[in-house]
1. If you go through segment 12-31, how many residues are touching a Phe, Trp or Tyr at 6+ places or on another chain (Cβ under 9 Å) and outside any helix (DSSP H, G or I)?
2. Testing A82 on (1) under 12 Å from the mean Cα position of the chain (by Cα); (2) over 28 Å from N2 (Cβ atoms); (3) open to solvent by less than 50 Å² (accessible area, probe 1.4 Å), one condition comes back false. Which one is that?
3. List pairs: first in segment 72-91 and closer than 13 Å to V103 by Cβ, second open to solvent by 50 Å² or more (accessible area, probe 1.4 Å), Cβ under 8 Å, 6+ apart or cross-chain?
4. Any residue in segment 118-146 that is in contact (Cβ under 8 Å) with a residue 60 or more places away in the chain sitting within a Cβ distance under 8 Å of a residue that is open to solvent by 30 Å² or more (accessible area, probe 1.4 Å) and among the basic types (K, R)? List the pairs, counting only those 6 or more apart or interchain.
5. Could you tell me how many of the residues in segment 34-63 are in contact with a His (Cβ under 9 Å, 6 or more places away or on another chain) and part of a helix (DSSP H, G or I)?
6. Look at segment 24-46 and say how many of its residues are over 13 Å from the mean Cα position of the chain (by Cα), more than 19 Å from L72 (Cβ to Cβ) and open to solvent by 10 Å² or more (accessible area, probe 1.4 Å).
7. Of the residues that make up segment 153-164, is at least one surrounded by fewer than 16 Cβ atoms within 10 Å (Cβ to Cβ) and either under 17 Å from G42 (Cα atoms) or charged (D, E, K, R) (or both)?
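The values are calculated or read from the model by the stated rules, or taken from the named source; none is laboratory data. Keep in mind that this is a model prediction, so the values were computed, not measured. Virtual Cβ from ideal backbone geometry, glycine too; neighbours counted across all protein chains shown. Ligands, DNA and RNA are excluded from the accessible area calculation, which covers all protein heavy atoms including side chains. Shrake-Rupley method; radii C 1.70, N 1.55, O 1.52, S 1.80 Å.
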Amino acid sequence: MNIIVIGNIVAFIGAILMVLVGFIKTKRNILIAQNIQFLIMGLGNLILGGVSGFIVNIVGILRNIICLRWNLNVPLKIFFIALQVIINWRFNTAGLIGWLPVVATGLFTWYVDSNSEIVIKTVCIISECMWIFYDFHFHNYVSVSFDVMTIVSTFVGIWMILRDRKNAKEAAGEAI
């Protein structure tokens, strides 16, 4: 079976999870679901030759585990970003395009401890835009289409949060 087909099948499974994460509203559940998604997507990237994508997904799992248990302070953020940069510097085989996942994940790492789900989701959208170019470069066409769907689902997630807040304010106003 063609390696591109195998890689895209694995990516498809992870991509379904990626889109579903966009609808999750709580930070804890977002991070837990992302860990599963990162593992599957990382394997898909590795199969397709996207070493940088695999690296940042594995480091992302470690970061999310730490973030679930403790606050991600500035030294830890710098550690995870530096770890990705160092490993990618050593193993990146894709030139500048290979740095897109590192920049995307570094950005997410910097903001992942935000108490605002909207901030986290906005950073996800920006990061996902970088992944579109990376995935296209490695013929990960399934992921490209799901990158777009994830952006859309994340916008929907933001809309749902804002709608819920508006409804809660209106209900609180009526209760007075």
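1. Looking only at that region, the number is 1.
2. Every condition holds for A82 apart from (1).
3. That search, which allows pairs on different chains as well, returns I81/W110; N88/W99.
4. Hits for this filter: I120/K27.
5. 0
6. 3
7. The answer is yes; a qualifying residue exists.
Matching residues to (1) aromatic (F, W, Y); (2) not in a helix (DSSP H, G or I):
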position: V102; (1), (2): no, no
position: W110; (1), (2): yes, no
position: N115; (1), (2): no, yes
position: C124; (1), (2): no, no
position: S143; (1), (2): no, no
